[in-house]
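Presented below is the structure to which this report refers.
The values are calculated or read from the model by the stated rules, or taken from the named source; none is laboratory data. These numbers come from a predicted model, not from an experiment. Every residue, glycine among them, receives a Cβ derived from its backbone with ideal geometry; neighbour counts consider all protein chains shown. The area values use the complete protein model at the heavy-atom level, side chains included, leaving out ligands, DNA and RNA. Shrake-Rupley method; radii C 1.70, N 1.55, O 1.52, S 1.80 Å.
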Amino acid sequence: MHILKNIFVFSFIISVILVVGCVEQTTEDTLVDWRDTELTDIATGETFRISDFKGSPVMLESFAVWCPTCLKQQKEVQTFRLTEGNTSNNVVHISLDTDPNEDEEQVREYFENNGFDWYFAIAPPEMTRSMIDELGPQVVVAPSAPVVLICEDQSARLMARGVKSPEDLQEELDQGC
């Protein structure tokens, strides 16, 4: 099982490197801002941009459907969303699939099977590249349970690696950017 997990992680990292390497390099002036990339909510088919949520905090989890650590993190997010007395009610939650080998049907099956009810979208390669440029490659290493806190002013920071409990998520929100 451990060897299989390592193979998945290695395959994912190689896929990300290939996608990032294939994305046309642009000048600083034309670099895509990942917050302005149009995404499609797989549940509703509606399009949105992270920048649409300016004025509200956003928690974005980068994930892959094959990643058990991602599932653990999303279950913690689900608990966080249901916890009384926290400020999660005004937080926008987005799960962003950054595995270039996964498609809409896989992601739809994943969130439906797990009972998740927030935004789920697939990152286009140019968005993935822009996120890596700003936040570092760790933002797309699914087994590290990457979560990005995007503040009301759209500044963003990558939270600590590993699965974050509802208490950890609340503390991050309270701490701000």
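The table that follows gives values for the structure above.
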item: Flag for E38 being open to solvent by 10 Å² or more (accessible area, probe 1.4 Å), within 13 Å of I122 (Cα to Cα) and charged (D, E, K, R); result: yes
item: Selection count where residues are over 18 Å from P166 (Cβ atoms), in contact with a Ser or Thr (Cβ under 8 Å, 6 or more places away or on another chain) and buried (at least 18 other Cβ atoms within 10 Å of the Cβ), scope region 44-72; result: 3
item: Condition broken by L82, with the remaining ones in (1) more than 21 Å from W34 (Cβ to Cβ); (2) open to solvent by less than 70 Å² (accessible area, probe 1.4 Å) satisfied; result: (2)
item: Residues located in region 123-153, provided they are aliphatic (A, V, I, L, M), part of a helix (DSSP H, G or I) and open to solvent by 10 Å² or more (accessible area, probe 1.4 Å); result: I132, L135
item: Conditions (1) open to solvent by less than 40 Å² (accessible area, probe 1.4 Å); (2) more than 17 Å from R81 (Cβ to Cβ); number of the one not met by F116; result: (2)
item: Any hit, region 126-141, residues being of a type outside the set (A, V, I, L, M) and within 22 Å of E46 (Cα to Cα); result: yes
